[in-house]
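Quick notes on the structure that follows.
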């Protein structure tokens, strides 16, 4: 007696040729649910818009990305940190800025604004006073400056800047105040390394 035909409309598959593995049908892989696909699409578009916007802003000179190459802003900024600065931001007291070095304009520095136009700064016995008030912060490496006594009246449209690593910094103590046109931008955040990304803690206690 012949064995029954399971599917009379389709003949049984021939046995595999010698030396070749048998091929079996594979179930269709289930595609992601429509909602998940939409979320992936929106996330991809969002990232793309951010990248396009960042590149456009850089091309237009609105923002600048720099790498820190000295220890003058430690502990706030470390060597190797990648920072983003905004060229349209208005410089303010305690802001961290990127500037062209006044006595070498081809060089860039990263410093913090301590003196605004019209301020009087006095360093006496290593202590910094701005308009008669002592400046103190846990954000700096040392609040006592190892420099001779100094008095500076900040001219209009100029700024007095220091590094947070005050005893290991090339700043206004060396080259005096900084004209506004030398300021390239206000640093907004650390972009890299990932573990240090983000903005900055308030400068004063």
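A count restricted to segment 156-175 and to residues that are out of contact with any helix residue (DSSP H, G or I) (no Cβ under 9 Å at 6 or more places or on another chain) and within 22 Å of residue 80 (Cβ to Cβ) stands at 8.
The residues in segment 135-148 that are surrounded by 11 or more Cβ atoms within 10 Å (Cβ to Cβ) and more than 27 Å from the chain's Cα centre (by Cα) can be counted, and the count is 3. What residue, among those in segment 149-175 that are touching a strand residue (DSSP E or B) at 6+ places or on another chain (Cβ under 9 Å), part of a loop (DSSP other than H, G, I, E, B) and in contact (Cβ under 8 Å) with a residue 40 or more places away in the chain, is surrounded by the fewest Cβ atoms within 10 Å (Cβ to Cβ)? Ranking the qualifying residues of segment 149-175, first place goes to 157.
Taking segment 84-122 as the range and being crowded, with 17+ Cβ neighbours inside 10 Å, outside any loop (DSSP other than H, G, I, E, B) and more than 24 Å from the chain's Cα centre (by Cα) as the test, the residues that pass are 115, 121.
Just one of (1) more than 18 Å from residue 184 (Cβ to Cβ); (2) assigned to a loop (DSSP other than H, G, I, E, B); (3) at pLDDT 75 or above fails for residue 35. It is (2). Restricting attention to segment 176-183, does a residue exist that is in contact with a helix residue (DSSP H, G or I) (Cβ under 7 Å, 6 or more places away or on another chain) and either modelled with pLDDT of 95 or more or part of a strand (DSSP E or B) (or both)? Within segment 176-183, one or more residues are in contact with a helix residue (DSSP H, G or I) (Cβ under 7 Å, 6 or more places away or on another chain) and either modelled with pLDDT of 95 or more or part of a strand (DSSP E or B) (or both). For segment 68-81, the criterion of being in a strand (DSSP E or B), under 26 Å from residue 138 (Cα atoms) and in contact with a strand residue (DSSP E or B) (Cβ under 6 Å, 6 or more places away or on another chain) is met by no residue. Looking at the structure I just gave you, is residue 128 closer than 19 Å to residue 180 by Cβ, surrounded by 11 or more Cβ atoms within 10 Å (Cβ to Cβ) and either touching a helix residue (DSSP H, G or I) at 6+ places or on another chain (Cβ under 9 Å) or modelled with pLDDT under 95 (or both)? No: the conditions fail for residue 128.
The values are calculated or read from the model by the stated rules, or taken from the named source; none is laboratory data. All values derive from a computational prediction rather than experimental measurement. Note that we place each Cβ from the backbone using ideal geometry, even for glycine, and neighbour counts take in every protein chain shown.
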